[in-house]
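Engineer: A single structure is presented below for examination.
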Amino acid sequence: MKALIFSFTSLLLAGTLSAQTHWTDENCYDTSWYDASASTYTIGNAAQLAGVACLVNEGTTFDGKTILLSADIDLNGMLWTPIGNGEETGQTNAEGLPQQAAFQGTLDGQGHTVSNMHIEASAKAGQEYTKSVYLGLVGLMSEDGKVANLNIGGDSHIKFEQIPFAEGEEPDGYVSSSLLYVYAGGVCGAGNAYNCTNSSTLSIQGIEYADATVGGIVGDGEAQDCQNQGAVRATDLYEPDAGGIVGTGAASGCVNYGSVSLTTRGNQGGIVGYGSAYGCTNHGTLSAYADDGYSIYMGGIIGQGTSVINCSNEGLLETDLHSSIYASNMVYAGGLAGIAETVANSYNKGDIAITGGNGNAIVGGIAASVLPTNIRNCYQSASLSIVSTGSFEIFGQYPIAATNDENPISNCYYNADNWTETVETRQEGISAMTTEEMCQPEFASLLSQQAGDVNAELNLPVEAVTWQHNEGNTPTLTQDGMHVVWLCVADGWVPPMNTPTLLNNENQYGKLTANVKYATTGTPIELEAIPAEGYKLDKLTVYGSEGMNGTDYILFEQTDTTPFDMPDERRIYILAEFVDEGTGIGDNAAVSPVEVRTEQGSIAVHAPGARSTDLVSASGRTVTAHGDDCIFQVPQPGLYVVKVLLEDGTTVVRKVLAR
């Protein structure tokens, strides 16, 4: 019996900055572990990890498959080629287009660390088309790909330098957009990361016709429950997005401690450069230098984007506006956002320091300049420092944000001891408070009471947070509002942790929706189950979860969508099972030749002509066996899923409760 563990949770580098050996060089990598027929792989050393990069960059996608790390991996400073370099593989995709090398599976680090990862790359902008570079442990992944439970060590770095055009190579005429685009993240350049950390430094250096999206965890994509401690630097690029966690995209439940620096122009955020953030905290320093004729949008949480909800910033924002041309550059500096559509239930404690000559700035304690937006139930206790060394002009220093009749502010507060009174301090919807008043328990209670009203008024997709009083200090956000509600609709053998989603999940059998993505303990969870034609709801199973690398366990089951109160679990998974309306059969169980028996500590499967049999635990771990008769030893009681691939290609599924 072969045991395999299963868990859920564009461009080759054109040049290098040194002559070090690459892990993808001959005799450096190992692909002997790869079996195309397997669904799960366990690897534990640098050569095997390099083998993943070689396989993916040659066209193996790992679609629907999982790679597990069984140990910490030291890359020893040899140059790393990302898993999924974005180059054409010579194959075609389902649409008949050239296939890019992209990772489409799950890479689960199981809490292990990849250290001494060195990526040093360079590339030249294309003359007629945009060339893309993907940098990170994983470079490019598909929408279904993910990296989870993995750490990048602090002795790692990612460096990119643009190669200048040779004489006569420059594009003819004016080029309004970049011809070279870099996607860079400590974990992945473009993709999704869950429960990951990064301590590597990222430095992306352009010259002309180059652009980038760079984040401590992910360049372009989404990050959940991640932490970054590495510095992020983006220099001389066209209009880059730079963030402590994500360059362009979304982050939830993330924390950043790394500095984020931006030179010339673009979007810069302590969490996300351009996008949205939920339940995130920034402690890192943001520094910006705006070049002649350009603008920078900087915020403690996001530079520009849609939403900042349940977030906090305690990092310093500092800008340098020394322009050589009078009033030619501009910085929009906001404690939480440069520009945002919605900011709610959040606070800023990060000071703002502006230094300049011949430059312009708009400063806001929460947001600098806002679109038609809503800013609700926020406070800031930051100080503002402005040092002018020439013809320097502040267009506005707003304690909360620039506003007009279409940009309402309500229930927002600022520390009058730290913010000088100006005409902007007399806006509607804001209140001045002293430091002493902000440190009283009544202030935390007021913010908590207003949080629920704000969520209802704005119809936010997350539950209201609780504000916590801190003796002698201003209120902070608790994690009570960040209990996650995941949804999944059963698709044959699919267990809860396989591709769950927030707010809704659907397939050919039906659709499941919920009223919230996050919920405090005791909050009513309202569900709607909509069967597809010919099907009906059989039952809902609610699982508690210790996280993507932990254990899932059944809390309760019910046969309808009666609302229930959010349990005191950090995460729950709600699995909807639909069955045939006429036969009441789901998972093709009644017509299959598969027999499953349970005994103390084991599950026996009789499946004549089976190609393979998988036993999947509730946590997603899988053991694969071959043959007509298989006996699986189970480590503990609980719900298991038996998935049998028959000789004719059909799949039979059984759900078994082991004792």
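The values are calculated or read from the model by the stated rules, or taken from the named source; none is laboratory data. The shown structure was predicted, so the numbers you read here are calculated from the model rather than taken from an experiment. Using ideal geometry, Cβ is built from the backbone for each residue, glycine included, and neighbour counts are taken over all protein chains shown. Side chains are part of the model used for accessible areas, which takes the heavy atoms of the whole protein and leaves out ligands, DNA and RNA. Shrake-Rupley method; radii C 1.70, N 1.55, O 1.52, S 1.80 Å.
Engineer: Provide the per-residue ³J(HN,Hα) series for the stretch 261-275, in order, calculated from phi with Karplus coefficients 6.51, -1.76, 1.60 and θ = phi - 60°, each as a whole number of Hz, with x at glycine and proline positions.
Structural biologist: Going residue by residue, I get 10, 9, 10, 4, 6, x, 10, 9, x, x, 10, 10, x, 9, x Hz, with x marking Gly and Pro.
Engineer: What does a probe at Thr92 reach in the stretch 54-77, counting residues whose amide N is under 19 Å from the point 7 Å along Cα→Cβ?
Structural biologist: 59-61
Engineer: I'd like the trypsin sites (Lys or Arg not before Pro) in the stretch 75-162 restricted to DSSP loop residues with at most 15 other Cβ atoms within 10 Å, sorted by number. Walk me through the intermediate numbers first.
Structural biologist: Working: sites: Lys124, Lys131, Lys146, Lys159; in loops: none.
Qualifying residues, ordered by number: none.
Engineer: Something else: Calculate, for Phe165 and Ser295, the FRET efficiency according to 1/(1 + (r/R0)^6) with r their C-beta to C-beta distance and R0 30 Å; round to the nearest 0.05.
Structural biologist: Working: r = 26 Å, r/R0 = 0.86.
Here the calculated transfer efficiency is 0.70.
Engineer: A follow-up question, please. Between Asp74 and Glu528, what length comes free when the chain is fully extended (0.36 nm per residue of separation minus the Cα-Cα distance, one decimal in nm)?
Structural biologist: On the way: separation 454, 0.36 × 454 = 163.44 nm, distance 4.77 nm.
Result for the pair: 158.7 nm of gain on full extension.
Engineer: Then there is this: In terms of modelled amide H atoms, which long-range or inter-chain residues lie less than 5 Å from the amide H of Arg611?
Structural biologist: Residues meeting the amide H criterion: Leu645, Leu646, Glu647.
Engineer: Now, a different point. Please arrange Leu97, Leu615 by accessible surface area, largest first, computed with a 1.4 Å probe and ligands excluded. Provide the component values of the computation, followed by the final result.
Structural biologist: Values: Leu97 100, Leu615 10 Å².
Reading off the accessible areas and sorting them downward yields Leu97, Leu615.
Engineer: Give me the accessible area of Asp629, 1.4 Å probe, in Å² rounded to the nearest 10.
Structural biologist: Rounded to the nearest 10, the figure is 110 Å².
Engineer: Given 0.36 nm per residue, what is the gain on full extension from Ser602 to Glu581 after removing their alpha carbon distance, in nm? Walk me through the intermediate numbers first.
Structural biologist: On the way: separation 21, 0.36 × 21 = 7.56 nm, distance 3.33 nm.
In short, 4.2 nm is gained.
Engineer: While we're on this one: Considering only protein heavy atoms, what is the solvent-accessible area of Tyr181 at a probe of 1.4 Å, reported in Å² to the nearest 10?
Structural biologist: 50
Engineer: A further question on this structure: Given the protein chains as shown and a 1.4 Å probe, how many square angstrom of Tyr413 are accessible, to the nearest 10?
Structural biologist: Its accessible surface works out to 20 Å², give or take rounding.
Engineer: Might you tell me the accessible area per residue for the stretch 17-145, computed with a 1.4 Å probe and given in Å²? Don't skip to the end; give the middle numbers.
Structural biologist: Values: 5080 Å² over 129 residues.
Averaged over the residues of the stretch 17-145, the accessible area is 39 Å².
Engineer: Here is a further query. Give me the net charge of Gly153's neighbourhood, meaning all other residues with Cβ under 14 Å from the Cβ of Gly153; Lys, Arg count +1, Asp, Glu -1. Walk me through the numbers on the way to the answer.
Structural biologist: Details: positive: none; negative: Asp72, Asp74, Asp155.
Residues near Gly153 contribute -3 overall.
Engineer: At a Förster radius of 30 Å, what calculated FRET efficiency corresponds to the Cβ-Cβ distance of Phe395 and Glu428, to the nearest 0.05?
Structural biologist: Values: r = 20 Å, r/R0 = 0.67.
The calculated FRET efficiency here is 0.90.
Engineer: Can you put Trp33, Trp23 in order of accessible area, largest first, using a 1.4 Å probe?
Structural biologist: Correct descending sequence by accessible area is Trp33, Trp23.
Engineer: Going by average Cβ neighbours within 10 Å, how do the peptides 433-442, 343-352, 229-238 rank, with the highest at the top? Intermediate results must be reported in sequence, preceding the final value.
Structural biologist: Details: 433-442: 14.4, 343-352: 27.3, 229-238: 23.3.
Per-residue Cβ counts within 10 Å, averaged per peptide and sorted highest first, yield 343-352, 229-238, 433-442.
Engineer: Follow-up. Subtract the Cα-Cα distance of Phe556 and Val387 from 0.36 nm times their separation in residues, and report this length gain in nm to one decimal. Write out the running numbers ahead of the final one.
Structural biologist: Details: separation 169, 0.36 × 169 = 60.84 nm, distance 6.08 nm.
Full extension of this stretch gives 54.8 nm more.
Engineer: A further question on this structure: Excluding Asp220 itself, calculate the net charge of residues whose Cβ lies under 12 Å from the Cβ of Asp220, where each Lys or Arg counts +1 and each Asp or Glu counts -1.
Structural biologist: Details: positive: none; negative: Glu143, Asp211, Glu222, Asp241.
Summing Lys/Arg as +1 and Asp/Glu as -1 gives -4.
Engineer: If you don't mind, there's one more thing I want to ask. For Glu437 and Thr355, what does the FRET efficiency come to when R0 = 51 Å and r is the distance between their Cβ atoms, rounded to the nearest 0.05?
Structural biologist: On the way: r = 31 Å, r/R0 = 0.61.
Efficiency, rounded to the nearest 0.05: 0.95.
Engineer: Considering every Cα-Cα pair within the stretch 79-144, what fraction, in whole percent, is farther apart than 16 Å?
Structural biologist: Cα-Cα pairs of the stretch 79-144 separated by over 16 Å account for 58 percent.
Engineer: Past the 19 Å Cα-Cα mark, which pairs from Lys65/Lys643; Lys65/Lys536; Lys65/Lys146; Lys511/Lys539?
Structural biologist: Details: Lys65/Lys643 15 Å; Lys65/Lys536 30 Å; Lys65/Lys146 11 Å; Lys511/Lys539 13 Å.
Checking Cα-Cα distances, Lys65/Lys536 exceed 19 Å.
Engineer: Counting Lys +1, Arg +1, Asp -1, Glu -1, what net charge surrounds Val387 among other residues with beta carbon under 12 Å of its beta carbon?
Structural biologist: Details: positive: none; negative: Glu318, Asp320.
Around Val387, the charge tally is -2.
Engineer: With bins 10 Å wide starting at 0, give me the P(r) of the stretch 174-256 over every alpha carbon pair, in whole percents.
Structural biologist: 23, 51, 20, 5, 0
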